[in-house]
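Accompanying notes for the structure given below.
FYI, it's all coordinate maths here, none of it is from the lab. Keep in mind that this is a model prediction, so the values were computed, not measured. Every residue, glycine as well, gets a Cβ built from its backbone with ideal geometry; the counts of neighbours run over all protein chains shown.
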Amino acid sequence: MKPAAFEYHAPDTVEEAVALLDAHGDQAKVLAGGQSLVPLMNMRLARPAVIVDINRIQTLNYLAEDGGTLALGALCRQRAAERSALVARHCPLLGDALALVGHAQIRNRGTVVGSLAHADPAAELCAVLATLGGTVTAVGPQGTRSIPADELFVSYLTTSLDPRELLTEARFPALPRGTGWAWKEIARRHGDFALAGVGVGLALRGGRIAEARIGLTGVGATPVRAARAERSLVGAVPSDALWEAAAEAVRAEVEPDGDIHASAEYRRHIAGVLTRRALAEALTRAREAA
Amino acid sequence: MSTRYFGARVTRNEDPALLRGHGLFVDDVRVAGVASGAVLRSPHAHARIVGIDARRARTAPGVLAVYTHADLGTLGEPLPKLIPHPTLIHHKTQRALARDTVRYVGEPVAFVVAEDRYAAEDACDLIAVEYEPLPVVATLEAAVAAGAPRVHDDLDTNVCAHYTQRVGHVEDAFARAPHRVRARFVVDRGASCPIETRGVVAAWDPRARHLDVWDSTQAPIPIRNGLARLLGLPEQHVRVVAPDVGGGFGPKIMMFYPEEVLVPFAAMRLGRPVKWIEDRREHLVATNQEREQIHDAEIAVDADGRILGVRTVFLYDSGAYIPYGLIVPIVAATTLPGPYRIPNYHCEFRAVFTNKTTVSPYRGAGRPHGVFVMERLLDQVAADLGLDRAEVRRRNFIQPDEFPYDVGLTYQDNAPLRYDSGDYPACFARALELIGYRDWPARQARARADGRALGCGVACYVEGTGIGPYEGARITVEPSGRVFVATGVGTQGQGHMTSFAQIAADVLGVSPRDVTVHTGDTALFGWGTGTFASRAATVAGNAVALAAQAVRDKTRLVAASLLEALPEEVELADGRVFVRGVPARALPLGEVAQAANPLRFAMPEEWEGPGLEAVRYFAPPQGAFSNGVHACVVEVDVETAMLTISRYVVVHDCGRVINPLIVEGQIHGGVAQGLGGAFWEKLAYDDQAQPLSTTLMDYLLPTAADVPPVEVAHIETPSPLNPLGVKGAGEAGVIPVAAVIAQAVEDALRPLGIHITEAPLSPNRLRQLIVEARRSP
Amino acid sequence: MKLEGTTTLPAPVETVWKTINDPEALRRCTPGLTELTATGPDAYAATLTIGIAAVKGTYKGTLTITDKRAPTHCKILLEGTGGAGFMKGEGVLDLEPEGTGTLVKWAGDMQVGGLIAGVGQRMLGGVGKMLVGQFFKCLEQQLGSGA
Amino acid sequence: MPTREITLRINGTTYAGRAEPRKTLADFIREDCGLTGTHLGCEHGVCGACTILMDGDAVRSCLMFAVQAEGAELMTVEGLADGDRLHPIQQAYWEHHALQCGFCTPGFLMTTLAFLRDTPRPTEREIREGLSGNLCRCTGYQNIVRAVAAAADVLAAAPDAGVRRAPALPDGCVPPTSAGAAKTRAAGRARTPAPKGRTAKTKPSARPKPKRPAGRRRRA
């Protein structure tokens, strides 16, 4: 299981990296943490002709709060974000999900932006970006653009990025103060990909639900925002029956695929169960915060 | 024999080197000029090889050679057949490289040798093989269905053996039985998956006409003997070393894997050392797997739940070939009776070829299947007759005064299946006590009251261990006073370097730290069988004891002349030799060893040769039968069907325990592998027998966060069959796990009345059972 | 691996039928098809480079159209072998008029072997559906632009 | 295939070598630097046997290319002991029979080193999750968890414990009473291994390790 040969470049600046991507197009692959790409290369499933290693571009190694939004550079390691006080304060949903991404050794090298670029339909971080309505910044030969989550994820391992563009940043909007949150997933073992996972944000005003966010992973080709379920919650008074209704709405909205670990029916079923449990937990947190 | 270390929790001699990273595993072997091999494997489960074009590969950079079947000459014949059996009429084995037909995904088709593994794999990508796909046999049932495609086209069937054993009058028993239970039990395919994959290094010296081979095998001596015959070399010119082996668990005892022949062949052809290390994807398609069986079983009991008769007819998946004989199905059939008195028993199996990876024993080797069927049948009897699960077992136990107990069958070693000793009721009572079985109903009710589904399970087994034919040991006391023990078994982490040292230390009055045990090197000890079926400690351990006693007697003889005393007056203790009662005038043991190898003057004839050294062999008349009981408490999240195991208890009787630390470690590891097979691990294949779980992302080994702590208690009923009174313990942990988990989950979901008759039981599958149970009240 | 689905194409059945049997349309719409040379009636030698994101494999093999019952029924067979194993796709198409357009019922069986099957099973179902989706989307554009 | 010059430090020693960009860091450490203590179990980032420290972080060396470690400060299992004195973590693994075949042990040791530095006072649940990125097929993990808990105590008690002299096996080792379970032990059972290489024998000379009162409930 040794990788096929490739041309290796380790640029020092974003501009150099983009120039390399521009020159080689879809023959080139960006290497940041490598925790998803290198296994595929070792198995010779992926045989990029050119590797653009961005680990020397230290300008991309940052995690900062920028006007109510957390900005993470492309080299911000998952472990750094997991243990960051900024994330704990502004984006606890991201923090909770990060703790379940693979294992410490994976998170020490894996980057948050890299996970978003890889766009695995069962990855936690893509669903968190979708739940929080985050965006990513892409720098290409034609300049820089911001891509919202719902336009970023296209299908299995496929994003709307052009091969010549480099993802340089991910931006996670902070949950408004007083919002309850919860991340719930079912995985066969600690650290495995989720059979299904859900991230929830819940804001209360006057005992009623002012805002509801429900984002799921593992139940479609991309992360899924359960829009109908969210709408059914806004304005309602929280109750177990309401959570059960939201769970049913989620089950109707998702299109999971089955595989050797779990059938589509099982994933659809636990997506509902996890939604209900996440909403209950988010409610407790929302009330504590009020 | 004064025992000071036997039975003590001595920490291990082998740990300091392993802890420093100074282990010597096959991939760590460094031979100057070594080249690397890679195997091109079939992507088809069944196909004819129309043509192989390796021209571009042969000229690729760094490539030294590309071999296909045509290059192998006599080595291209089907590899040796192990353990024949009269009912095994089609004893098919594979060739080192496929000649014209591939019969499972992963079967070797070409072998490339290059400067390094990277270049060798590059070359594999350049080899163009034209296949003509053939109809595939993907499942056991398809294999025996009428008109099924043939895995071997020179046969008119996929059944390679059909073997029945019977005791008593089975049909009568079933005819007059007031109550019967029938069920089908299905166990899926699993792999032992040691963290070290397989590997072979070979170096040929044409001048000395000597072949050195390092092999991650559990049986270096049979490999040496086989290679010598296949390569036409004297056995003494072939040295096979099983260095540190990173876990074996059964599949590393197969003889021969294709690579074990290809690597020495290439080394001799090229005149350069060759190393092949299996990668994980290769391991999950090309290293032998096991576990796949379908049992149609039935039990007949009287009104009180006493067993009148048991019958099982089962299919055993042997994969594409059957090099290792009928060991697994025979062990399954003969383990089923367990600790119970079964007057009338019928066990019948058909060993079947399928287009999947070859099968050979994996830890437990059929024992888990026999126990799963028996314990599940008993649970159903208890449920049907409204009996307590523990009571239905107690009523059928073989009692302590009935040993040796003749089960009436023939065991895997062709000896009569006769339990040598045991105390099944005591073991069972101890397990019930530890798990808190008496007040379990109350505890369960309390939990159910606050919406939690808790279940308790208890399962028993009897395990054949320590079978022959024999093992040997040579012990030498060196002038330094150190003791050197050489034996032929291989070691894969079982702590032989410590347990054998404890045995020798007690006899020779030295510390285990002063005993060096070296296993698995045919140059150091050339006679022996190997490590399998929980036999190393029992068989080789007793050989070590006998050899140590012989060295002690020789020491007394030599010391007697030095101390002017009679040999029987001489004592050994604390590394010294002295006349009993006069410890002050003692000689260091090393001095006696020095004296035993005189440089001058005459050597007394009665010494029968120089040195304090002896070789002894131990050949047990039959296996020693360990037994035990596992009990557990599980909690089921009924909504998600996820399972947590809150307590796991093992009460175990493997005769006298040499080192409790090591036995407990074996049980912890066995339970972890058992839990893997009961819940996480399944080798998935599609309907074209394409393997779908060839990485550790999909073949799920349980982690530290998944395996619960295991509480272990020992009962020691010595075996009368060997001087040390020991029995095997290597496989005990894995045997009843699927049975006890199934019983506990059924207990937790009692209101639903689900029946669990399969393993592994994934959350996905458990949820289906829950949904089906709810649909049919 | 069984896949099935329906899609509607904005053109009458005869036009859809003609397009499906037109090598040029096949060359343009079969995802990753880089070479398609006719070797006989409704039989082509094909080279395909398919995959998603970093995981790409080149397969050399054949594309054949059989069981033709113009204009409503046919079966497309696609076979290829490559470094990452082999691939065999079989799609049965049934066309029915639906208003001015055509309702296409497709039922496919994708058989994948070797490396890609052993590692990619988690996504093969989804990827298969995606590739078929791309095929029909391209046909739609092809037909929509008034072929 | 063009190769590149790679210079890096492992366990305080500088190594330089040439390798193709595609050569993994694990292969470079094993083949070019001759440090075979780091093992390969899967080469796709699951088993953890290849875990080393890179600039202080536990990483999977099979998922990195050697060129990526240019100029880095690495630590492998060979760097844990100080001559013949084992690191407290190694000592605890030895005393608790936390290894059997030893193939996964180097990866576990490096993971434990980083884990205890990040989580000096771990609960058993934290230990088990911290170790869940390393697979072991022999031990069932139980003794490894105990060893990590014991090492945490030792390191917490004497943070600069660093490396301690391994005490000898006290000869007052009395086997357990033959009847009954091995659970409760008479005093003086064998428990502290002497510093013993597999072949070379270094005479143990230090005094036996003070015995902790049996059965003290460790936090884990």
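The table below gives the values:
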item	result
Between helix A:14-24 and chain A: long-axis angle, C-alpha atoms, 0 to 90°, nearest 10	70 degrees
Estimated [θ] at 222 nm from DSSP helical runs (n ≥ 4, -39500 (n - 2.57)) normalised by residues in the protein assembly as shown, nearest 500	-8500 deg cm²/dmol
Cα gyration tensor shape of chain A, rounded if a/c is under 1.5, else prolate or oblate by comparing a/b with b/c	prolate
Top positive-direction residue, dipole computed over the protein assembly as shown with Cβ charges, set B:THR139, B:GLY309, B:PRO329	B:GLY309
Candidates C:ILE20, C:ILE52, C:ILE65: whichever shows maximal mean-square fluctuation once chain C is modelled as a Gaussian network with Cα springs under 10 Å	C:ILE52
Relative contact order %, the stretch B:199-304, counting alpha carbon pairs below 8 Å whose residues are six or more apart	33 percent
Global form of the stretch B:239-370, assessed from the alpha-carbon gyration tensor, a/c cut-off 1.5	prolate
Relative contact order (%) - chain B, alpha-carbon pairs under 8 angstrom, separation at least six	15 percent
Expected-Rg normalisation [2.2 N^0.38 Å, Cα atoms] applied to the stretch B:358-441	1.32
Backbone N within the stretch B:163-184 under 12 Å of label point (7 Å from B:ALA303 Cα along the Cβ vector)	B:178-179
B:HIS210-C:GLU90 FRET efficiency (beta carbon distance; Förster radius 56 Å; 0.05 resolution)	0.50
Hydrodynamic radius of the stretch B:32-150 per Kirkwood, over alpha carbon pairs, in Å	15.9 Å
Stretchable slack from A:THR284 to A:ASP26, in nm (0.36 nm times residue separation minus alpha-carbon distance)	88.1 nm
Sites matching trypsin sites (Lys or Arg not before Pro) across the stretch B:307-366 that sit in DSSP coil, with at most 15 neighbouring C-beta atoms within 10 Å	B:ARG341
Distance in nm between pseudo-label sites at B:LEU524 and A:VAL154 (7 Å out along the Cβ direction from Cα)	6.1 nm
Once the Cα gyration tensor of the stretch A:7-53 is diagonalised, semi-axes √(5λ) in Å	19, 12, 7
Selected from C:THR72, C:CYS29, C:GLY128, residue furthest toward positive end of dipole (the stretch C:2-144; charges at beta carbon)	C:GLY128
Exposed GluC sites (Glu not before Pro) absent: longest stretch of chain B, with sites in DSSP loops and at most 10 other Cβ within 10 Å deemed exposed	B:1-563
Calculated FRET value between C:ASP67 and B:LEU752, using beta carbons and R₀ = 51 Å, to 0.05	0.60
Pairwise Cα inverse-distance average, inverted: Kirkwood Rh of the protein assembly as shown (Å)	33.7 Å
FRET efficiency, A:ALA88 to B:SER776 (Cβ-Cβ, R0 41 Å, nearest 0.05)	0.25
Amide hydrogen neighbours beyond the local backbone of A:THR159, cut-off 5 Å, H modeled	A:VAL154
The stretch D:88-161 - percent relative contact order, Cα under 8 Å, separation 6 or more	50 percent
Peptide B:631-640, shielding by other chains (average Cβ, 10 Å cutoff)	2
Cα-centre dipole for the stretch A:7-53 with unit charges at Cβ (Lys and Arg positive, Asp and Glu negative), debye to 20	400 debye
Whether chain B is rounded, prolate or oblate, judged on the alpha carbon gyration tensor where a/c under 1.5 counts as rounded	oblate
Listed residues B:ALA486, B:THR555, B:PRO583: farthest to the positive end of the dipole of the stretch B:468-618 (Cβ charges)	B:ALA486
Inter-label distance, nm, simple model (7 Å from Cα along the C-beta direction), B:VAL186/C:THR39	3.9 nm
Qualifying trypsin sites (Lys or Arg not before Pro) for the stretch B:433-518 [loop in DSSP, other Cβ within 10 Å: at most 16]	B:ARG438, B:ARG452
Cβ charges +1 (Lys, Arg) and -1 (Asp, Glu), total dipole of the stretch A:58-172, debye	380 debye
Of the DSSP H helices in chain B, those whose Cα atoms cover at least 24 Å axially and whose Kyte score averages -0.5 or more	B:367-385, B:541-563
Those Cys residues of chain C for which no other cysteine Cβ falls under 4.7 Å	C:CYS74
Charge context of D:THR14, other residues only, Cβ under 14 angstrom, K/R +1, D/E -1	-3
Dipole magnitude of the protein assembly as shown about its Cα centre (Cβ charges: Lys, Arg +1; Asp, Glu -1), debye to nearest 20	2800 debye
Rg [Å, one decimal], Dmax [Å, integer] - the stretch D:4-79, C-alpha atoms	10.8, 29
